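Participant: Below is the structure I would like to discuss, written out as structure tokens.
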Amino acid sequence: MAGAPTPAVRALTQARVAHRVHAYPHDPRSDSYGAEAVAALADELGVVAEQIFKTLVVELSSGGAAGRGQLAVAVLPVPRTLSLKGAAAALGAPKAALADRARAERTTGYVLGGISPLGQKRALPTVLDDSALRWDRMLCSAGKRGLEIELAPADLVRLTGAVTAAVTA
């Protein structure tokens, strides 16, 4: 891996969790970061697109007075679409919406397209799509565009305190 390890990689190393870091050339013109990771890594690593996961930051509604809700993270396969209703239910909230980009970046310490469920500036409640449990290994962002971490889904659940649930539409 080029450069200093990201907070996500440091979190795995400090926890002594078996993992591999995979770098690929990120095209700065790309706005489909997950699809870019799938195209770059699936064949090379012998994985299918459903084993490569994206991290989306959502804002949970408390159902009460207007104002900002708590942020949380949903981790799901790149080819799938997030069910906001499913994510809200899994995280114990009446509603969820995709979070504002600036707030998501400021809270996690990562840029969009490189948000990792690990090593966030402020650890957020996390839900992992239960499809991850079908695999012995999965990939998710390592905290930088063009960088993915390969690890066991159970390790991601343990380190993030994630709940698992069906959160795809």
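The values are calculated or read from the model by the stated rules, or taken from the named source; none is laboratory data. These numbers were taken from a predicted model, which means no experiment stands behind them. Reconstructed Cβ throughout: ideal geometry from the backbone, glycine too, with neighbour counts over all protein chains shown.
Participant: Return the residues of the stretch 31-58 that are buried (at least 20 other Cβ atoms within 10 Å of the Cβ) and either in a strand (DSSP E or B) or touching a helix residue (DSSP H, G or I) at 6+ places or on another chain (Cβ under 6 Å) (or both); say none if nothing qualifies.
Facilitator: Listed by number, the residues that qualify are V38, I52, F53, K54, T55, L56, V57, V58.
Per-residue answers, yes or no, for (1) within 22 Å of R10 (Cβ to Cβ); (2) out of contact with any strand residue (DSSP E or B) (no Cβ under 6 Å at 6 or more places or on another chain):
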{"residue": "A49", "(1), (2)": "no, yes"}
{"residue": "T55", "(1), (2)": "yes, no"}
{"residue": "R68", "(1), (2)": "no, yes"}
{"residue": "A99", "(1), (2)": "no, no"}
{"residue": "R103", "(1), (2)": "no, yes"}
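Participant: Moving to a separate point now. Can you tell me which residue within the stretch 90-108, out of those that are in a loop (DSSP other than H, G, I, E, B) and surrounded by fewer than 16 Cβ atoms within 10 Å (Cβ to Cβ), is nearest to the chain's Cα centre (by Cα)?
Facilitator: Step by step, filter the stretch 90-108, then rank; the result is D100.
Participant: Restricting the stretch 1-30 to residues that are of a type in the set (A, V, I, L, M, F, W, C), assigned to a helix (DSSP H, G or I) and out of contact with any Asp or Glu (no Cβ under 9 Å at 6 or more places or on another chain), which is nearest to I115 (Cα to Cα)?
Facilitator: This residue is A8.
Participant: Can I ask one more? Being within 22 Å of R20 (Cα to Cα), in contact with an Asp or Glu (Cβ under 7 Å, 6 or more places away or on another chain), among the polar types (S, T, N, Q) and surrounded by 23 or more Cβ atoms within 10 Å (Cβ to Cβ) narrows it down to one residue among S141, S116, S131; which is it? Give the steps one after another, and end with the answer.
Facilitator: On the way: S116 fails: in contact with an Asp or Glu (Cβ under 7 Å, 6 or more places away or on another chain); S131 fails: surrounded by 23 or more Cβ atoms within 10 Å (Cβ to Cβ).
Just one listed residue meets the conditions, S141.
Participant: Okay, moving on. Out of R68, R106, I need the residue that is basic (K, R) and under 17 Å from R145 (Cα atoms). Which one?
Facilitator: Just one listed residue meets the conditions, R106.
Participant: Of the conditions (1) at pLDDT below 95; (2) surrounded by 14 or more Cβ atoms within 10 Å (Cβ to Cβ), G63 clears all except one; give me its number.
Facilitator: (2)
Participant: Right, here's the next one. So which residues in the stretch 77-89 are in contact (Cβ under 8 Å) with a residue 60 or more places away in the chain and surrounded by fewer than 19 Cβ atoms within 10 Å (Cβ to Cβ)?
Facilitator: The answer is R80, T81, A89.
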